[in-house]
Amino acid sequence: MPEAVRQGLNKTHEAPVNVAYHLSCLGEKAAAITSLGRDLLGNEAMERMEGAGIDVSHVHWDNEWPTGAVKAKLTDKGNATYQFLSPVAWDRIIVTPALEEACTGADALVYGTLAQRSEHNQKALFQLLEKEHWERIYDVNLRPPFDDPKLVFALAEKADLLKLNDDETFTLSGLKEGQDPLQEAVRALAEKIPAKKICVTRGGEGALLWDRANDSFLEEKGRSITVEDTVGAGDAFLAGLVGSLLHQRPLDECLRKATRLGEYVATQRGAMPSYQLEKIPGFQE
């Protein structure tokens, strides 16, 4: 498949904005904390966020840098590799007094790795992570060259829930994929960080959830699907997981809903397809 510059909200923003979209689709109130350039792409992104029901009152307009864009290349198997343009507006996210006040009533904060490539954003995020009244959810995305281990573990130290894929789990745990069991890698990683839960996505094989409370694992097997586009499937998965956890649903239900939503998005084109929950196979079981 030829390389293309993916444009629009679902293709230009850091993953947490995609998560906000899917949380909104699940009926949750979700706000985006990001920055847009004053350009055509920024205007389009704002329109799409507003149309998706995302709270955009804390989106900053940057007068100097353009709206973020990504070059995404899909393999024949539907997996995506990315080239992130820099510098872009979301390299300079602004924490305002109004945002800090709004955060006091929030249930969760979802943050990723890529947006922390700028020192400005690192300072802003750690300012928010000091608040302990909400669940802090770290969506690990190790995208070279923005994958400094020191920063990744500093971000993980603040997380209540860590979500990552199996390759990233082995990388951060220090164990060897193909030699050591995945569950051992999860436990090895858990010894390095204080997270209450670690969730590992495994592509078509499903997902694994570890709970520190009783040192237990839950596994949800993947279902056979026809993959159209994997871009955003992990973000949809995380939204399904977070939305269920915040409602204190049983962990097996949380993992099932997350897996089914992620699978469905992988059968659609783009990271933010429209959908009806009752039509997602297995979601309402």
*Which one of these is buried (at least 19 other Cβ atoms within 10 Å of the Cβ) and either touching a Ser or Thr at 6+ places or on another chain (Cβ under 6 Å) or at pLDDT below 95 (or both): 207, 236, 188, 258?*
207
*Which of the residues belonging to segment 129-152 are in contact with a Leu (Cβ under 6 Å, 6 or more places away or on another chain) and either aliphatic (A, V, I, L, M) or modelled with pLDDT of 95 or more (or both)?*
136, 137, 138, 139, 140
*Restricting attention to segment 210-232, which residues are of a type in the set (Asp, Glu) and farther than 24 Å from residue 198 by Cβ?*
228, 229
*Matching residues, segment 81-105, being part of a helix (DSSP H, G or I) and either under 30 Å from residue 229 (Cβ atoms) or in contact with a helix residue (DSSP H, G or I) (Cβ under 9 Å, 6 or more places away or on another chain) (or both)*: 89, 90, 91, 99, 100, 103
*Odd one out for residue 49, checked against (1) at pLDDT below 95; (2) more than 20 Å from residue 98 (Cβ to Cβ); (3) touching a Leu at 6+ places or on another chain (Cβ under 7 Å)*: (2)
*Kindly list, by first and then second residue, each pair from a residue in segment 48-66 that is in contact (Cβ under 8 Å) with a residue 12 or more places away in the chain and assigned to a strand (DSSP E or B) to a residue that is surrounded by fewer than 17 Cβ atoms within 10 Å (Cβ to Cβ) and not charged (D, E, K, R), limited to pairs with Cβ atoms under 9 Å and residues at least 6 apart or on different chains.*
55/102; 60/94; 60/96; 62/94
*Mind checking whether some residue in segment 222-232 is surrounded by 17 or more Cβ atoms within 10 Å (Cβ to Cβ), at pLDDT below 95 and in contact with a Cys (Cβ under 9 Å, 6 or more places away or on another chain)?*
no
*Could you list, in sequence order, all residues of segment 104-118 that are over 15 Å from residue 35 (Cα atoms) and over 17 Å from the mean Cα position of the chain (by Cα)?*
104, 105, 106
*Is it true that some residue in segment 15-37 is among the hydrophobic types (A, V, I, L, M, F, W, C) and more than 20 Å from the chain's Cα centre (by Cα)?*
no
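The values are calculated or read from the model by the stated rules, or taken from the named source; none is laboratory data. In this text, all values refer to a predicted model and were calculated from it rather than measured experimentally. Here the Cβ is made from the backbone with ideal geometry for all residues, glycine too, and neighbour counts use every protein chain on show.
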